[in-house]
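A quick write-up on the structure given underneath.
All of the numbers you see were taken from the coordinates with simple rules; none came from a lab. Predicted model only: the values in this text are computed from it and were never measured. Glycine also receives a Cβ, built like all others from the backbone with ideal geometry; neighbour counts cover every protein chain displayed.
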Amino acid sequence: MGTVMTIQGEIGGEDLGVVDYHEHLCFDAPPWLLREDPDFKLNDVEKSAQELHSWLEAGGKTIIEMSAIDFGRNIRGTKQVSDLVPDANVIVITGFNKPYFCDQSVWQSDESDLIRRCIQDIVEGINGTGLKAGIMKGGTGYNTFNDHDQKLMRIAAIVQKETDVPIITHTEAGTMGFEQIEYLDDHGVEPHRVCLSHLDRNPDLWEHKRIAQTGAYLGYDCPGKAKYGPDEWRIDLLKRLIDAGFGQQILLGNDLGRPSYWRSYGGGPGLDFVLTKFVPRLLSQGIDQHIIDDMLINNPRRFLIGD
């Protein structure tokens, strides 16, 4: 079985256990973003460790920290959180979230320099720490695939081909996922090396089926966030995808990138929501345990090791 790079070092795929495929533990959001929306200040190491421990107690094992370069990735803070909860595997990423978060330096920089930076994060370590990224990220805006969107996706494609790490993308409100897969495929990335995030923001079965038919993985990370629609919608969509034969291409996460989502900050639904609330509901509504094990254990393992 293949291996995966975590912040603690390389581990075997058999040691991944239950995976939260899309999460945030600690980051320093850009100052302009905090001025617009202070509910992005997720940088309290102790509170993050407290929440991560509750998730571990609920049965979690491996968490993918998805805070990208443009979103204020804080590798030292994330390592501190990891050190406080050493039994949790933490995978960190490189790359860029979406054009909206990127400052002018990204657009003014030569593409080759940005590619080189991301490869260095994977091969040598991030910001001189020696802590290596195990995932590449790219993303696009809401219903757009303009030059800026394409630049971020092109960087992701080239880095993936150079390093063989998988790609997890940002889709804004669940849009442009199929276009992302087409573009990455045209640039040499095999679809099974890609997972699209936030697809449950756009619960369109036809769209999700045509994405799944490419071989890509589909990421669902809004359970418990009623502002993005009720979980009834998500569960219905999951059941129909499973019935259509795509149960082995689904990954689950929480994507709690705001302190208001964390119980340790006084909010909710909390990092353990998928394991303590959503999974029991899936079982009660007829999704078998072996399918849930696929979504939480087997599918993310295959995705991460490239099987």
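When a/c is below 1.5 the answer is rounded, else prolate if a/b is larger than b/c, else oblate, so apply that to the chain with a ≥ b ≥ c taken from the square roots of the Cα gyration tensor eigenvalues. Here the chain falls in the rounded category.
Dipole of region 169-265 computed with +1 at Lys/Arg Cβ and -1 at Asp/Glu Cβ about the Cα centre; of Ile211, Thr171, Tyr183, farthest Cα towards the positive end is Thr171.
Could you tell me which of rounded, prolate or oblate describes region 68-205, using a ≥ b ≥ c as the square roots of the eigenvalues of the alpha-carbon gyration tensor, with rounded for a/c under 1.5 and, failing that, prolate when a/b is larger than b/c and oblate otherwise?
prolate
Taking amide H as placed 1.01 Å from N in the peptide plane, the amide H of Leu25 sits under 5 Å from that of Met66, Ser67, each at least 5 places away or on another chain.
For the chain, adding -39500 (n - 2.57) for each run of n ≥ 4 DSSP H residues and dividing by the number of residues yields -10500 deg cm²/dmol at 222 nm. Grab the other residues whose beta carbon is less than 14 angstrom from that of Asp110, score K and R as +1, D and E as -1, and report the net. For residues surrounding Asp110, the net value is +2. Under the rule of at least 5 residues apart or a separate chain, name every residue whose amide H is placed under 5 Å from the amide H of Val90. Residues meeting the criterion, in which the H sits 1.01 Å from N, are Ile7, Gln8, Ile63. Here the 3J(HN,Hα) profile of region 161-174, calculated from phi with Karplus coefficients 6.51, -1.76 and 1.60 at θ = phi - 60°, is 5, 6, 10, 6, 7, x, 10, 10, 9, 9, 10, 6, 6, x Hz, Gly and Pro shown as x.
Under 5 Å between amide hydrogens, built in the peptide plane, is the criterion, and for Thr140 it picks out His170, Glu172 among residues at least 5 positions away or on other chains. Rounded to the nearest 20 debye, what is the charge dipole size of the chain about its Cα centre when +1 sits on each Lys and Arg Cβ and -1 on each Asp and Glu Cβ? Charge dipole, the chain, about its Cα centre: 340 debye, nearest 20. Beta bridges per DSSP, both residues in region 3-305: antiparallel share near 20 percent. For the chain, modelled as a GNM whose springs connect Cα atoms under 10 angstrom apart, the maximal fluctuation among Pro191, Pro280, Pro166 occurs at Pro280.
Calculate the dipole size of region 1-51 relative to its Cα centre from +1 charges on Lys and Arg beta carbons and -1 charges on Asp and Glu beta carbons; express the result in debye to the nearest 20.
Its charge dipole is roughly 140 debye.
With a cut-off of 13 Å between beta carbons, the residues surrounding Phe178 carry a summed charge of -4, where Lys and Arg count +1 and Asp and Glu -1.
Residues in region 214-221 carry Karplus couplings, in order, of 6, x, 6, 8, 10, x, 10, 9 Hz; the curve used is 6.51 cos²θ - 1.76 cosθ + 1.60 with θ = phi - 60°, and Gly or Pro positions show x.
Pairs from the list Lys41/Lys277; Lys227/Lys277; Lys98/Lys209; Lys137/Lys161 with a Cα-Cα gap above 20 Å: Lys41/Lys277; Lys98/Lys209. Put a plus charge on the Cβ of each Lys and Arg, a minus charge on the Cβ of each Asp and Glu, and nothing anywhere else: the dipole of region 202-244 about its Cα centre is then about 60 debye. Can you grab the distance from the C-alpha centre of region 263-307 to the C-alpha centre of region 146-185, Å, no decimals? Taking the Cα centre of each part, region 263-307 and region 146-185 sit 25 Å apart.
Computing FRET efficiency as 1/(1 + (r/R0)^6) for Gln289 and Ala173, where r is the C-beta to C-beta distance and R0 is 35 Å, gives about 0.65. The mean sequence distance of close C-alpha pairs (under 8 Å, at least 6 residues apart), as a share of the length of the chain, puts its relative contact order at 20 percent. With an a/c value of 1.5 or above and a/b larger than b/c for the gyration tensor axes a ≥ b ≥ c computed over the alpha-carbon atoms, region 1-77 is described as prolate.
Comparing Trp233, Ile305, Val123 along the charge dipole axis of region 3-305, the residue lying farthest to the positive side is Trp233, per the Cβ-charge model. Phi angles of region 190-195 translate, via the Karplus equation with coefficients 6.51, -1.76, 1.60 and θ = phi - 60°, into HN-Hα couplings of 5, x, 6, 9, 10, 10 Hz per residue; Gly and Pro are given as x. Among Ser54, Gly13, Thr140, whose Cα lies farthest out toward the positive end of the dipole of the chain, if unit charges sit on the beta carbon of Lys, Arg (+1) and Asp, Glu (-1)? Farthest along the dipole direction, towards plus: Ser54.
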